[in-house]
Amino acid sequence: MKTEASMPSSAVNQALTKGTCPICSILKDFQWTLAETTEPQANLRMCNFHVWALARSRDKLSRSTPGESVTAVFLEMLKGRHKEKASTGECSLCHRVLAEEVTRLRELAQRFQSAMFVQWMTSQGSLCLDHAPKLKEFVPLRLRASIDQIMERNRSELEQELQIFREQLRHGVHGGGGILGRVAEFLVGQRGL
């Protein structure tokens, strides 16, 4: 697989502006880039999610990598010796996503060394329930309470917005359903991660 799929070192900075968990945002983009740039290999192992992601990327892959196509990737996989479906623990792309996750968690932990950044994250930043405890492993003990504060603020804000949305639904107003996606991300991370 190509190594160029890694996001630039400023990925966390760019993801912070999106208003969602920056690690989720980066990993979502990263895994789609992987699906679009995966090279044919007979020993390639992919989980259910990544095989389907690769299949869905067929048009982009054929245009973005001349001479390569999902057909070539699938043919090489069919030539491989594997007779069973790969689990996520055996998936070549899942391993790459996990390595990228650690890289980006370390990058975000470095940002937590700045008092101004911690203050901004505490008042405006977002983290999901999956990445907050993982981030705690990379920051000094003195900063772990700040991550708890971020999580509690996120939880409280989402709960308030969800209550408002529920009230609107009771009155026949169906706009504002984006809150459901934000709550889902907070609870379990981005879809497919």
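Throughout, read-outs are computed from the coordinates displayed, never taken from laboratory work. Every value quoted in this text rests on a predicted model; they were computed, and no experiment measured them. Cβ sites come from the backbone with ideal geometry, for glycine too, and all protein chains shown count toward neighbours.
Odds and ends about this structure:
- For segment 95-193, the list of GluC sites (Glu not before Pro) that fall in a loop by DSSP and count at most 15 other C-beta atoms within 10 angstrom reads Glu137.
- Ranking of Leu162, Leu78 by count of other Cβ atoms within 10 Å, fewest first: Leu78, Leu162
- Computed label-point distance, nm, for sites Leu75 and Gln113 using a 7 Å Cα→Cβ extension: 5.0
- Computing FRET efficiency as 1/(1 + (r/R0)^6) for Ala145 and Ala184, where r is the C-beta to C-beta distance and R0 is 25 Å, gives about 0.40.
- Inter-part distance, segment 112-141 to segment 90-106, computed on C-alpha centroids, equals 20 Å.
- Based on Cα contacts under 8 Å between residues 6+ apart, segment 11-188 shows a relative contact order of 24 percent.
- Scattering curve values for segment 11-188, log₁₀ I(q)/I(0), Debye with Cα scatterers, q = 0.11, 0.14, 0.18, 0.19 Å⁻¹: -0.63, -0.87, -1.08, -1.13
- Cα-based radius of gyration of segment 118-166 once divided by 2.2 N^0.38 Å, which approximates compact folds: 1.22
- Segment Glu39..Arg166, full-extension length gain: 41.1 nm, with 0.36 nm per residue of separation and the alpha-carbon distance subtracted.
- Close Lys pairs in segment 11-188, defined as Cα atoms under 22 Å apart and 8 or more places apart or on different chains, number 6.
- Footprinting exposure proxy for Ile179, Ile23, Ile164 (fewest neighbouring C-beta atoms within 10 Å first): Ile164, Ile179, Ile23
- Fewest neighbouring Cβ atoms within 10 Å first, the residues Lys28, Lys134, Lys85 line up as Lys85, Lys134, Lys28.
- Rounded to the nearest 0.05, the FRET efficiency derived from the C-beta distance between Glu159 and Glu137 at R0 = 22 Å is 0.25.
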